[in-house]
Amino acid sequence: MRYFVPVICALFLLSCKGKERLPVQFYEEEVCVWVERGEVLVEGIYYFRNRTHTAKRMRLFYPFPIDSLHEFPYEIEVEGTPFETAEDGVTYDVIIDSMGVAESTVRYKQRIFTNCAKYILMTARRWKEPIEEARFVVSLPEDFSNVNISYEPDSIIKKEERTFYYINEHNLFPDRDIDIVWKLAGREKMTIYK
């Protein structure tokens, strides 16, 4: 019997291996993707929770979708903190008090040369657990037709010559980015803005 308890403890620890939680949790995000002809504006608010009794300074990497049709953003703001640019994103620090929460707001404007935009979501998997609450609003001019978004909207509202797509996800462990594709009214082929 005296060997029974250590064996149970060892089995429990083995079953937990690979499931250990990070000291800081990325638990919520609110993102607005505002699409115009030839550019996209993104504003995201990101929430972090420190699970430890020690204040944490975290160096975060914020990626941008960069390719031949999506330029590096021409305007970037990380609210309240300096940032450094990298080839495909920015890095900046977030400080979280012990057992506290912190939020980070990032805004950027990016030129696009096609009828598609992307918001990178897959990098959230690096946090090793789902985002508890993720809310997205995608807004396009009302003359953009055949809109396809890689996440199913919960609701669609038209107002002030724009269409707003609302996406709410709970316990999101993303398996894809948010891709937005559209056509301009009266055009059959994809437009290249250059």
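Data overview
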item: Meets criteria (under 18 Å from GLY44 (Cα atoms), surrounded by fewer than 16 Cβ atoms within 10 Å (Cβ to Cβ) and not hydrophobic (A, V, I, L, M, F, W, C)) for GLU103; result: yes
item: Residue within region 86-101 that is more than 30 Å from ARG57 (Cα to Cα) and not in a loop (DSSP other than H, G, I, E, B) present; result: no
item: Criterion (within 27 Å of PHE26 (Cα to Cα), surrounded by 12 or more Cβ atoms within 10 Å (Cβ to Cβ), hydrophobic (A, V, I, L, M, F, W, C) and within 15 Å of the chain's Cα centre (by Cα)) met by exactly one of PHE164, PHE173; result: PHE173
item: Any chance GLU87 is out of contact with any strand residue (DSSP E or B) (no Cβ under 6 Å at 6 or more places or on another chain) and of a type outside the set (A, V, I, L, M, F, W, C); result: yes
item: Residue in region 27-38 that is part of a strand (DSSP E or B), more than 28 Å from ARG162 (Cα to Cα) and either modelled with pLDDT of 90 or more or among the polar types (S, T, N, Q) (or both) present; result: yes
item: Considering residues of region 59-84 that are within 10 Å of ILE112 (Cα to Cα) and among the hydrophobic types (A, V, I, L, M, F, W, C) only, the residue surrounded by the most Cβ atoms within 10 Å (Cβ to Cβ); result: LEU69
item: Strands (runs of 3 or more DSSP E) wholly inside region 107-182 that include at least 2 residues being touching a residue at least 24 places away in the same chain (Cβ under 8 Å); result: 116-119, 131-141, 144-149, 162-172
item: Residue in region 72-85 that is modelled with pLDDT under 95, among the hydroxyl-bearing types (Ser, Thr, Tyr) and out of contact with any helix residue (DSSP H, G or I) (no Cβ under 8 Å at 6 or more places or on another chain) present; result: yes
item: Scope region 39-76; condition assigned to a strand (DSSP E or B) and free of Cβ contacts under 8 Å to residues at least 40 places away in the same chain; matching residues; result: ARG57, MET58, ARG59, ASP67, GLU75, ILE76
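The values are calculated or read from the model by the stated rules, or taken from the named source; none is laboratory data. The model shown is predicted, which means the values in this text are computed figures rather than measured ones. Ideal geometry is used to build each Cβ from the backbone, glycine not excepted, and the neighbour counts take in all protein chains shown.
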